Structure formats: C-alpha cells, structure tokens
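The values are calculated or read from the model by the stated rules, or taken from the named source; none is laboratory data. Computed from a predicted structure; not experimentally measured. Cβ atoms come from the backbone with ideal geometry, glycine included; neighbour counts cover every protein chain shown. Each accessible area value is taken on the protein alone, full model and side chains, heavy atoms only, with ligands, DNA and RNA left out. Shrake-Rupley method; radii C 1.70, N 1.55, O 1.52, S 1.80 Å.
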Amino acid sequence: MTIGMAARAVGISAAAAVAGVWPDQTPTVQNAQLIRLAIELGADREPVPIPLDPGRLGQVGFAYDRFTRAHVTARASALSGKPLDPLKPPKNLLALQLLIVAVPLTCGDRTIRATDVDVFLREAPVFKWLPVKGAGLQKLLPGVSIPAGAIGVLFDRASVGDGETVRVTYAENVCAGGTKRMDLPVSASGPRILERPMIEMPAGQPPLTGPRDLGLSGVLDLDGTLRYASVLEATTPFVAAALDAVRKMRFDPARINGTPTPWTAGVIVTFGPG
C-alpha cells in the first residue's frame, strides 16, 4: 500500500539559505557542487554565456560569470582529450572573475568598436581591470569563438545581478544616437516549479494531517533539475520518500537576462495531504 501526498507549493528562498536553514549548504559545499556541475556539463555540452542585450541576440556582447567560465574551461579540457575529474577538480576552477565581452556594433554600413565596459551597482561602479583583446582575451576563454575586434573586461565579482547596469563605451556615436555609450539593464529571476510530485510512502506510514515544509540543499541545474540533493533528516521514512519525489521534480531554472544559470540557495517544498 502507498500513501499519496502532494507537494502543494514550492518556495525558493536565498534568504533562508543564508540564514542557515541548511547547515550543510555552506559556501564551500555550494562551490564544490558548482564545480562538479561545470565539469559534468563540460563533458558534452557547450557553455552559453549571458547576453548583454537579449533583444539583440549577442550583437552587443556577453557576460561570462564564474560558473560559465568554469564550464568553458571544463569543455576545453574535455575536447582536448583531457577531461577534468568532477570529484577531484582543480582547486581554482571556480575562483574566476566575471568577464564581459563587448563585440563591435554594426550600425548600417558602419562597424563601431567597443573601447570599454563598466558595471554599476546602484550607480556605484564595480572595480575592474583594463580591457584585453586578441590573444589575451582568447586565453581567458579557451576554445570559445571570439568575434574579431572584441574586447574583454574582468570585474572583481562572480556575476552580474538583477537591477545592475552594464555600460559599453564605443569609439564613435552609437548608430542613430548622440552618445558613445550604451546602458544595458540586467534582469534576473529565481526558479519556479513546473510540476508537483506525489510521494509514494511505504506501507504502514501514517498520512500527513497538515502541511509540512522540507528544506533541501543541492544545485538546480540549467535544465531545472535538482542535482546532488540532500536533507538533514533523510533517515526518516517521510523525508526519504519526499527527497526521492523532489529529485523527480522539474523547475524552470533561475535566469539572468533570460539565460539559465545554476541556483544553489536551496529549495523549500511544502507537502500536504493528497
């Protein structure tokens, strides 16, 4: 006999994770899981950077956050015949800074090269390094096809975030505008549930009489699957069954400028009687 219990609601909460709902989901654990995911994806999947302007489909440039750069490195290693071990990764694979690549802008019959990039957080500029190009830029993105004339700027942070602004400066006025700058807002969203699973409880286990929250650690990957899921009370029959059900759940992944990105802040699932 089985007892059906429905997942009635799902909440995703970064604040809860930071507050310590999941003691095992420390920054060290999160980083280890992100590295593992980057290497596993690098074995058979091309990295997808974050477009600066989704409406232009990469005509302005891309952001390579630390995860995407780790994915780039893992992919290049796999294609060279020397794949990285996800359980014994290089120590500094995730210690990579945000890299923003600005490509030449086409304005009719004109091609305008970018000269600099800035990131602003509430109007305050993020610390950056001098632009690089050519072989210097290619070294930062092994195996990536970089458009001729592109520049790259490293920033002292891991990624871009919601509400921030990326500013690209050009050598000439931008198309029909009267300025040499293009300001591009960043938008980000957390994951959301796509389906609610049923728990198959072992015979003899009592049904739930009310809602029960379950907080899980792990990584929601680029396809919305919860990988490496764990929970502290997994030894109890209910939690073990709930954990198995959650592993089968599908989410719309977290996104930055519409592009999927990993989510490590934890997942809260509320289960109730079916």
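Residues that are in a helix (DSSP H, G or I) and open to solvent by 20 Å² or more (accessible area, probe 1.4 Å) within segment 32-48 comprise 32, 33, 36, 40, listed in sequence order. Of the residues making up segment 222-262, just one is free of Cβ contacts under 8 Å to residues at least 60 places away in the same chain, within 24 Å of residue 35 (Cβ to Cβ), surrounded by fewer than 17 Cβ atoms within 10 Å (Cβ to Cβ) and in contact with a helix residue (DSSP H, G or I) (Cβ under 9 Å, 6 or more places away or on another chain), namely 234. Residues in segment 99-127 that are more than 20 Å from residue 149 (Cα to Cα) and either in a strand (DSSP E or B) or open to solvent by 40 Å² or more (accessible area, probe 1.4 Å) (or both): 8 in all.
Report yes if some residue within segment 60-73 is out of contact with any Leu (no Cβ under 6 Å at 6 or more places or on another chain) and basic (Lys, Arg); otherwise report no. There is no residue in segment 60-73 that is out of contact with any Leu (no Cβ under 6 Å at 6 or more places or on another chain) and basic (Lys, Arg). Determine whether residue 203 is closer than 18 Å to residue 101 by Cβ and in contact with a Ser or Thr (Cβ under 8 Å, 6 or more places away or on another chain). For residue 203, the condition - closer than 18 Å to residue 101 by Cβ and in contact with a Ser or Thr (Cβ under 8 Å, 6 or more places away or on another chain) - is not met. Only residues that are in a strand (DSSP E or B) and over 16 Å from residue 127 (Cβ atoms) were counted in segment 153-178, giving 3. If the condition is being within 16 Å of residue 168 (Cβ to Cβ) and of a type in the set (Ser, Thr, Tyr), then segment 35-70 contributes only 64.
Checked against (1) touching a residue at least 24 places away in the same chain (Cβ under 8 Å); (2) closer than 17 Å to residue 63 by Cβ, residue 143 meets all criteria but (2). Listed conditions (1) outside any loop (DSSP other than H, G, I, E, B); (2) open to solvent by 20 Å² or more (accessible area, probe 1.4 Å) are all met by residue 95, apart from (1).
Hey, any hits in segment 210-220 for a residue that's in contact with a Lys or Arg (Cβ under 9 Å, 6 or more places away or on another chain), open to solvent by 20 Å² or more (accessible area, probe 1.4 Å) and under 22 Å from residue 71 (Cβ atoms)? No - not one qualifying residue is present in segment 210-220. Note on segment 49-82: among residues that are outside any helix (DSSP H, G or I) and more than 18 Å from residue 140 (Cα to Cα), the one that is nearest to the chain's Cα centre (by Cα) is 52.
Yes/no per residue for (1) closer than 18 Å to residue 158 by Cβ; (2) of a type in the set (S, T, N, Q):
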residue: 45; (1), (2): no, no
residue: 52; (1), (2): yes, no
residue: 55; (1), (2): no, no
residue: 66; (1), (2): yes, no
residue: 70; (1), (2): yes, no
residue: 77; (1), (2): no, yes
residue: 85; (1), (2): no, no
